[in-house]
1. Skipping prolines and chain starts, which residues have an amide H placed within reach, meaning under 5 Å, of the one on W108, given they are 5 or more residues away or on another chain?
2. Return the carbon/sulfur percentage of the accessible area of segment 1-152, one whole number, probe 1.4 Å, all protein chains in place.
3. Report, in whole Å, the centroid distance computed from the Cα atoms of segment 220-283 and segment 148-213.
4. Excluding residues on the same chain fewer than 8 positions from K243, give the aspartates and glutamates whose Cα lies under 13 Å from its Cα.
5. On alpha-carbon atoms, Rg over Rh for the chain using Kirkwood Rh?
6. May I ask for the net charge around D29, where only other residues with Cβ less than 10 Å from the Cβ of D29 are counted and Lys, Arg are +1 while Asp, Glu are -1?
7. Any idea what the dipole of segment 91-211 comes to, in debye rounded to 20, about its Cα centre with Lys/Arg Cβ at +1 and Asp/Glu Cβ at -1?
8. Solvent-accessible area per residue for segment 1-84 at a 1.4 Å probe radius, Å²?
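The values are calculated or read from the model by the stated rules, or taken from the named source; none is laboratory data. Model, not experiment: these values are computed from the prediction. We place every Cβ from the backbone using ideal geometry, glycine too, and count neighbours over all the protein chains shown. For the accessible areas, the whole protein counts, side chains as well, though only heavy atoms, and no ligand, DNA or RNA atoms are used. Shrake-Rupley method; radii C 1.70, N 1.55, O 1.52, S 1.80 Å.
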Amino acid sequence: MSDREEAIAQYNDAYGRGEELVFAAGPGDLGCAHIRNEQGAARVCLQGAHVLSFIPAGGQDLLWLSSASRYRPGVAIRGGIPVCWPWFGPHPEDPSLPAHGFARNRLWEPVESFVDRSGATVLRLALGSDAETLKLWPHDFRLELEVRVSERLLVEMRAYNTGERPFRYTGALHTYLRVGDVSDSMVTGLEGESYLDKLDDMRRQRQDGAVAVDREIDRIFLNTSRDCVLHDGASGRRIRVAKNGSRSTVVWNPWRDKAESMPDFDTDGWQRMVCIEAANAEDDQVEVGPGRDALLATTLSTESGG
Ligand code: TA6
């Protein structure tokens, strides 16, 4: 048995729950938790504590995942819910450091699983600072991420400061939502909010009406905790994105040219996705004192009607 196979067997012994929660090698041998109950199903890659898929019972996947994604140690997966932490976007001082931080590229450990009173299956994963993370970011920390699967999906991350000094971070649950046709979709819940336009030198603007996704779009909405709804006309479905511990919301679609320049975006994939990200970015940095923690969570659920 390889070390990897042995680790998967140990995870199944410690945290597996019959057919409801099974660990397997997964794509690229990165380790994957398969969760299935009467209310829904999800897959979570152990690299990055990265949710790859969430399907409510009788429904379609809420998440878009590129079929051209590379599943390699230390390489970010395209689609699903990447965990961006402890910085969002490029590192503010050193652009040679990995974009969106390192949490999405590290191997997380399962630490707990259970079924809650409502019948939801819960898996908790953790990542702690070590010699390698300290080279990238000089702070001691522990992250715990909970995936709670019912007819909705809750992803809840807590960042603990286990060091002696306060730290500041930015981050996001960079959720790639699936749509039937991006040109027939829009995002509500951000009307009147101010945003930084990444495509216009971070110019500060105010959102007028719903966000139409009819061209490349990359906006960081600031100081907003409101729910958003993604209206997917082609599929006749709405996805509600609720959040907690998040003061920024990012809306992104790369459109054709940028997607074609990204080798891990599958052909026409940009037409099938919109990112709505529960974030704390730019002005909305989070400070955590020693012994304290901070929350970042998002809940995805469907509503009928496009
Ligand atoms: O959240 C939007 C964004 O920051 C974009 O600017 C875009 O480049 C994207 O994330 C994807 O980043 P990645 O590092 O995953 O290629």
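1. Amide H neighbours of W108, under 5 Å, 5+ apart: Q47, G48, A49.
2. Carbon and sulfur together cover 48 percent of it.
3. Rounded to whole Å, the Cα centres lie 7 Å apart.
4. Answer for K243, where 13 Å is the Cα cut-off: E156, D227, E277, listed by chain and number.
5. In the chain, Rg relative to Rh is 0.95.
6. Surrounding charge for D29 is +1.
7. Here segment 91-211 has a charge dipole of around 220 debye.
8. So segment 1-84 comes to 43 Å² accessible per residue, rounded to a whole number.
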